[in-house]
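Here the structure is laid out as structure tokens; the discussion comes afterwards.
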Amino acid sequence: PKPWSPASASTEPRKIARCPSNHKEVFVKRLIGLPGEWIQLPASSEIIKVPQGHCWVEGDNAARSWDSRSFGPIPLGLINGRVTHIIWPPSKIGRVERKWPEDRIPPF
């Protein structure tokens, strides 16, 4: 596989990243915004610009996810992989869907 780059973000939405507050922890989040993009925060009219060298990540469960809505943009250097398949639970084995969340406004 090709190494991750910001250019591949639109085709590989879920990323593996180091937790910003504890770099020993790894989490999987959806990549929402890249450096220089403007994003509207979910359930808000607030719009922010993702700073250079950073990205905006969000989990699929907005009510329970610890993500950029909690800690802000994360450095691109913390992203270290991409998710291509689900292997657990067995009932969900398969390729990860490449689709934008229905309730999410794309960056601009």
Any hit, region 31-41, residues being at pLDDT below 85, at negative phi and of a type in the set (Gly, Ala, Ser): no
Residues of region 82-102 classified as in contact with a Lys or Arg (Cβ under 8 Å, 6 or more places away or on another chain), loosely packed, with under 13 Cβ neighbours inside 10 Å and either assigned to a strand (DSSP E or B) or without any contact (Cβ under 8 Å) to a residue 24 or more places away in the chain (or both), total: 1
In region 31-59, the residues that are touching a Phe, Trp or Tyr at 6+ places or on another chain (Cβ under 9 Å) and either in contact (Cβ under 8 Å) with a residue 40 or more places away in the chain or within 22 Å of ARG98 (Cβ to Cβ) (or both): LEU31, ILE32, GLY33, LEU34, GLU37, TRP38, ILE39, GLN40, VAL50, VAL57, GLY59
All positions within region 46-67 that are β-branched (Val, Ile, Thr) and not in a loop (DSSP other than H, G, I, E, B): ILE47, ILE48, VAL57
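Any residue at all in region 68-81 that's surrounded by 13 or more Cβ atoms within 10 Å (Cβ to Cβ), in a loop (DSSP other than H, G, I, E, B) and modelled with pLDDT under 90? First the steps, then the outcome.
Step one: of region 68-81, the residues surrounded by 13 or more Cβ atoms within 10 Å (Cβ to Cβ) are 68-69, 72-76, 78-79, 81.
Keeping just the survivors that are in a loop (DSSP other than H, G, I, E, B) gives 72-73.
Filter again for modelled with pLDDT under 90, leaving none.
No, region 68-81 contains no residue that is surrounded by 13 or more Cβ atoms within 10 Å (Cβ to Cβ), in a loop (DSSP other than H, G, I, E, B) and modelled with pLDDT under 90.
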Qualifying residues in region 56-67 (those that are surrounded by 11 or more Cβ atoms within 10 Å (Cβ to Cβ) and among the charged types (D, E, K, R)) - the one modelled with the lowest pLDDT: ASP60
Matching residues, region 25-45, being assigned to a strand (DSSP E or B) and surrounded by 15 or more Cβ atoms within 10 Å (Cβ to Cβ): PHE27, VAL28, LYS29, ARG30, LEU31, ILE32, GLY33, ILE39, GLN40
Some residue of region 37-55 being more than 11 Å from the chain's Cα centre (by Cα) and basic (Lys, Arg): yes
Which listed residue, of ARG95, ARG69, is of a type in the set (Lys, Arg) and in contact with a Ser or Thr (Cβ under 7 Å, 6 or more places away or on another chain): ARG95
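The values are calculated or read from the model by the stated rules, or taken from the named source; none is laboratory data. Given the structure is predicted, the values throughout are model-derived calculations rather than measurements. All Cβ positions, glycine included, derive from the backbone under ideal geometry; neighbour counts span all protein chains shown.
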